[in-house]
1. Test Ser24 against the criterion of being of a type in the set (Ser, Thr, Tyr) and free of Cβ contacts under 8 Å to residues at least 40 places away in the same chain, and give yes or no.
2. For Gly63, indicate whether it is surrounded by 13 or more Cβ atoms within 10 Å (Cβ to Cβ) and in a loop (DSSP other than H, G, I, E, B).
3. From Val187, Val205, Val172, which residue is closer than 20 Å to Leu144 by Cα, of a type in the set (Val, Ile, Thr) and either within 16 Å of the chain's Cα centre (by Cα) or part of a loop (DSSP other than H, G, I, E, B) (or both)?
4. If you scan the range 128-175, which residues turn out to be surrounded by fewer than 19 Cβ atoms within 10 Å (Cβ to Cβ) and of a type in the set (Asp, Glu)?
5. Residues that are of a type in the set (Lys, Arg), at least 3 per element: which helices (runs of 4 or more DSSP H) completely within the range 79-133 meet that?
6. Pairs under 8 Å by beta carbon, first residue of a type in the set (Lys, Arg) in the range 78-95, partner not in a helix (DSSP H, G or I), six or more apart or different chains?
7. Step by step: first the residues of the range 1-22, then only those that are closer than 23 Å to Tyr102 by Cα and among the aliphatic types (A, V, I, L, M), then the one that is surrounded by the fewest Cβ atoms within 10 Å (Cβ to Cβ). Which residue is that?
8. Pull up the range 1-58, narrow it to residues that are among the hydroxyl-bearing types (Ser, Thr, Tyr) and part of a loop (DSSP other than H, G, I, E, B), then point me to the one that is modelled with the lowest pLDDT.
Amino acid sequence: MSPTPSVCKLLADLHAYRLEHMASADLQVNVDQRRLLEDIADRDAFVKPGDVVEPFSLPEVLGGTVDLEQLLATGPVVLLFFRYEGCPACNIALRHYQAELYPPLAALGATLVAVSPQVPGKLAAIRNRFGFPFPVGSDTGNGLARRFGITFTASPASQAHARARGGDLGEVLGTGAWELPMPTIVVIGQDRVVRFADVHPDWLVRTEAGVVIDAVRALVPVPA
């Protein structure tokens, strides 16, 4: 059996497909926005190991809540920030994490939580589509993502291009705003201290599952 491709390889394949099939003007806007985010990202503001995470509670898209303190009572928590349910790169990455990240984390007693600013009524579609066994929290208003310093607003050029084609991210999100989180994974220990954080301004780059598993394994006591 051939090894499973890395998440970054899967996303590189998506870009290669777009190079062949996407209109050049559309592709250039996409490339320019990703390059701009890499150039202007305030990396000093990003969540980092050693930060203490204040308690929070988010609506879970299929009902109930994602409550940090309740989840930490049973083990570490891994937050996986993504853009929105219709984002092609996010769909690819989340399916990969469902297969490669969730099972090892569950075996270690950690809880994986996916988080997006999209409103629950729209965001539930991605959990239903793939049958995710982990919760998906709605960070409407990006309150949590802002605390982690990982949000951005699409450039005027990107917004104008999308609107010219009938697109409105604010409507897609259900928030009226064009603000999104950068793809980010945060590992939180049971003491609410961040033990691992990885932020990617370019949404075609994501954190590999193996490094997250290693970070969580370091928090789990080794049986005597």
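The values are calculated or read from the model by the stated rules, or taken from the named source; none is laboratory data. Predicted, not measured: the structure shown is a model, and the values here were computed from it. With ideal geometry, Cβ positions are generated from the backbone for all residues, glycine too; neighbour counts draw on all protein chains shown.
1. So Ser24 fits the description; yes.
2. Considered against the rule, which asks whether it is surrounded by 13 or more Cβ atoms within 10 Å (Cβ to Cβ) and in a loop (DSSP other than H, G, I, E, B), Gly63 comes out as no.
3. Val187
4. Asp168, Glu171
5. 120-130
6. Sorted first by the residue in the range 78-95, then by its partner, the pairs are Arg83/Ser116; Arg83/Leu180; Arg83/Pro181; Arg83/Pro183; Arg83/Trp203.
7. Top of the filtered list is Met1.
8. Ser2
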